[in-house]
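Structure record follows, encoded as structure tokens.
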Amino acid sequence: MFIRYLDYLSPRVTFYHKGFLSHNSILSGILSIIAIVLIIILAVYFSLEIIQRKDPNAFYFNSFIEDAGIFQINTSSLFHFLSMAKNFEGTFINDPFDFTIFSVIGINIHYENWNGLQKRGGIKTIDHWLYGYCNKEKNSEGLDDLLTYDFLEKSACINKYYNSTEKKYYEIGEEKFAWPKVAHGTFNEKSKIYSIIVQRCDNNIIKNILGDGYECKNETEINSFFNIRGARIFHLYFLNNYINVLNYKNPIYKFFYRIENPLYGSQYSSNNLNFNPALVKTHNGLVLDHIKEEKSYILNRNDVYIGNNSDNNIYMVYGFFLKNIMDYYERTYKRIQDVISSIGGINQAITIIAIYLNSLYNNFIVLYDTENLLDSSIYIEKRKS
């Protein structure tokens, strides 16, 4: 029977027995077929790890670095916007951001220097950014899948950049417009932080945002706004990242994180957002080692403080701080030589088990064949006698 020809488990002999170099059998052939099929199945399984890029060897650690790099605060990195909401029958409903009550300014210095800056000549002595209503075409480039909020264009986004050297404002899209940034880390002497100040409306600012026909509400109207019953809150939405080392193509998952603060007329909330730079290092070569690095950032913590609002008319402060602690994520995928090694080990293990199982029956076959051989010789000798 042809199955006997597939037997590779039975031990070899030094001379042919009925045309075979082993005492094979149908059972040995079946065991050989089963072993071969198992080896093929497991070889395909291990080969799929290269194709599908699953189950990497991954580890994580963090470490201090001298320079944390540079992150632009734009749609490709730390994009953010501010919205307002009010309590209506126990549910918070988003309201249009009221620029006749609030002015929103971004500066590349710590907000605690704000009072000193006002005394030294105001914000026009430094580069700064003004916030106006968000424009989906200008403010959401590349974020269409994430920016699904129907109140986006009623919220506050960066609209203009003031160049203190040229004494001029530039809008998004103009050649000399520059985005703010956080850079190098707070332990680096070249550190850059970013602060957002929400203050009482300034007529000089509102004209640059809404136009010459607009003015800030007067003291009575602003006080009336704060005296209306029902809680009001500020929401800061910003682009945060989550690292998923099991996702081969997109290990850095972007999502919008929201920070919520109640609005009080007599106090202001200060949020220090501490970001860690992050690095995803991938070893994904098929034969030789090939390394791919992807840099990003992750919110580490938010420190919240409450201050007195009696003097400076500040209602909300957000500080963006880049720290010098790098989060490292490293992952290694199997290469062809790793798969070959795995297949060789599996082949060896299956073969040894199959040889042991076969030996239990093969010992009987050897005795049986030997008995037949001896019987045949004895019969021939008897015929000669």
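The values are calculated or read from the model by the stated rules, or taken from the named source; none is laboratory data. It should be emphasised that the depicted structure is a prediction, and the values quoted were computed from it without experimental measurement. Note: ideal-geometry Cβ built from the backbone for every residue, glycine included; neighbour counts use all protein chains shown.
Annotations for the structure displayed:
- Number of the exception - residue 258 against (1) touching a helix residue (DSSP H, G or I) at 6+ places or on another chain (Cβ under 8 Å); (2) under 19 Å from residue 157 (Cα atoms); (3) not polar (S, T, N, Q): (1)
- Complete set of residues in the stretch 168-183 that are within 17 Å of residue 108 (Cβ to Cβ), touching a residue at least 12 places away in the same chain (Cβ under 8 Å) and in a strand (DSSP E or B): 169, 181, 182, 183
- Summed over the stretch 287-333, residues that are buried (at least 17 other Cβ atoms within 10 Å of the Cβ) and assigned to a loop (DSSP other than H, G, I, E, B) total 4.
- Output for the stretch 28-67, where each listed residue is of a type in the set (A, V, I, L, M, F, W, C) and more than 23 Å from residue 287 (Cα to Cα): 30, 31, 33, 34, 35, 36, 37, 38, 61, 64, 65
- Options 222, 209, 172: the member that is more than 20 Å from residue 298 (Cβ to Cβ), among the aliphatic types (A, V, I, L, M) and more than 38 Å from the chain's Cα centre (by Cα): 222
- Just one residue in the set 148, 165, 186 is out of contact with any Cys (no Cβ under 6 Å at 6 or more places or on another chain), part of a loop (DSSP other than H, G, I, E, B), of a type in the set (S, T, N, Q) and at pLDDT below 90; that residue is 148.
Residue-wise test of (1) in contact with a strand residue (DSSP E or B) (Cβ under 8 Å, 6 or more places away or on another chain); (2) touching a residue at least 24 places away in the same chain (Cβ under 8 Å); (3) crowded, with 17+ Cβ neighbours inside 10 Å; (4) not in a helix (DSSP H, G or I).
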| residue | (1), (2), (3), (4) |
| --- | --- |
| 39 | no, yes, yes, no |
| 51 | no, no, no, no |
| 66 | no, yes, no, yes |
| 75 | no, yes, yes, yes |
| 81 | yes, yes, yes, yes |
| 85 | yes, yes, yes, yes |
| 106 | yes, yes, yes, yes |
| 112 | no, no, no, no |
